[in-house]
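The structure appears below as structure tokens.
The values are calculated or read from the model by the stated rules, or taken from the named source; none is laboratory data. Please read these numbers as outputs of a predicted model, since none were measured by experiment. A quick note on method: Cβ atoms are made from the backbone with ideal geometry, for glycine too, and the neighbour counts reach across all protein chains shown. Accessible surface areas use protein heavy atoms only, side chains included; no ligands, DNA or RNA. Shrake-Rupley method; radii C 1.70, N 1.55, O 1.52, S 1.80 Å.
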Amino acid sequence: MTLAEIETWLREEDAGRLERLWAMADGVRRQHVGDAVHLRGLVELSNHCRRQCAYCGIRAGRNELVRYRLTETEIMDCVRLAASLGLGTVVLQAGEDPGLTRDGVAGLVRRIKAETALAVTLSLGERSDDELAAWREAGADRYLLRFETSNPELYRRIHPARPGETRDRLTLLESLRRLGYEVGSGVMVGIPGQTYRDLARDIERLGELRLDMIGLGPYLPHPETPLGRAGQTVMDAAADQVPNSAVMATKAMALARLVCPDANIPATTALATIDRARGHALGLQRGANVIMPDLTPPGYRELYAIYPGKTPLTADRIEAVRAIQALVASLSRSVGRGPGGARHREDVTSRPKECPSWSK
Ligand code: 5AD
């Protein structure tokens, strides 16, 4: 698909033609990754963060936000909950928290791999090659790091570099690949200042990166952030601004499925937040094959407020997973078993030979 075609689809508003886009994405999804929907248990380890991202509710400098970091015992409880619910993967996500040290995270990953059969996905921000290598060595399977936007100017505006920082997220994605991780990335849809051409380029870039996982969600303004406060003004000023709507987010997801047919693509929490009644279902019907239920203990998850309204429909984590399983069944899809890794990489030896826990 050419850049112009992607952009034309993003601008499409005719309901009949959009039905064709959804049907194409759904067909490619079925053909390449099948009807199974993989559930990944999300554990938000810490809301400490050293970054100043203009869009994010847990950015450094939000002094009024209560910060937490889960203990290893609390984390292992979540991990065991994931296993007992039959999930195949845990996603350990956090702000970019230096308190999550190289050796601390490595120990945690080793323990999870030793005590469970779960795949481990990390989403801990921009970390050093040394840390990423140690975590991979410890048995981590996958890493998620969204590049947020492929427009360098917009990226700089919403994601100030740290002093002395030389690597951008795209360079980091290459390191992750070299280290043998399954690699996931993605963008936000409808960032103030993001044009249709920008988003089309983002999608083209997702295809070029040949990602194993693609996470896309609508940008949701957080009132306590610089972008959330200024957003409306920027939006009014930007010609050709992409709206941050559910339909635009699912257009981007459907196109991501077309440019990256084998990828694991979640119906994201952001999509389910902007359309609480139908977000997950729409995602699954327009290209997605993954859902990431939040297993962070109640009491902490409210503090992981990267955007407002992230609270799930039910506070009970088991009930929430059951509801997702019921949704999957209602769409005549099945719940995936096992780790549900990247299909197109199963034939590639991306796994370190020295790591015994792989054999499980
Ligand atoms: N709205 C939507 N998505 C957000 N993220 C962070 N803040 C927001 C927001 N305000 C997304 C980013 C990040 C991921 C973990 O959450 O894309 O990479």
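At a glance:
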item	result
Residue in the range 241-258 that is within 12 Å of the ligand (Cβ to nearest atom), over 16 Å from the mean Cα position of the chain (by Cα) and over 14 Å from ARG146 (Cβ atoms) present	yes
Positions within the range 236-256 being part of a helix (DSSP H, G or I), of a type in the set (Gly, Ala, Ser) and open to solvent by 40 Å² or more (accessible area, probe 1.4 Å), in sequence order	ALA237
Residue list for the range 129-150, restricted to those being within 22 Å of ARG69 (Cβ to Cβ) and surrounded by fewer than 17 Cβ atoms within 10 Å (Cβ to Cβ)	ASP130
Hits in the range 129-167 - residues which are within 14 Å of the ligand (Cβ to nearest atom) and out of contact with any Cys (no Cβ under 9 Å at 6 or more places or on another chain)	TYR143, LEU144, LEU145, ARG146, PHE147, THR149, SER150, LEU154, TYR155
Some residue of the range 268-280 being closer than 25 Å to MET76 by Cβ and within 19 Å of the chain's Cα centre (by Cα)	yes
Qualifying residues in the range 290-311 (those that are more than 18 Å from LEU45 (Cβ to Cβ) and more than 13 Å from the chain's Cα centre (by Cα)) - the one surrounded by the most Cβ atoms within 10 Å (Cβ to Cβ)	TYR307
Which listed residue is within 15 Å of the ligand (Cβ to nearest atom) and either surrounded by fewer than 21 Cβ atoms within 10 Å (Cβ to Cβ) or aromatic (Phe, Trp, Tyr) (or both), from GLU126, GLU72, GLU64	GLU126
Single condition ILE112 does not satisfy, out of (1) assigned to a helix (DSSP H, G or I); (2) in contact with a helix residue (DSSP H, G or I) (Cβ under 8 Å, 6 or more places away or on another chain); (3) open to solvent by 10 Å² or more (accessible area, probe 1.4 Å)	(3)
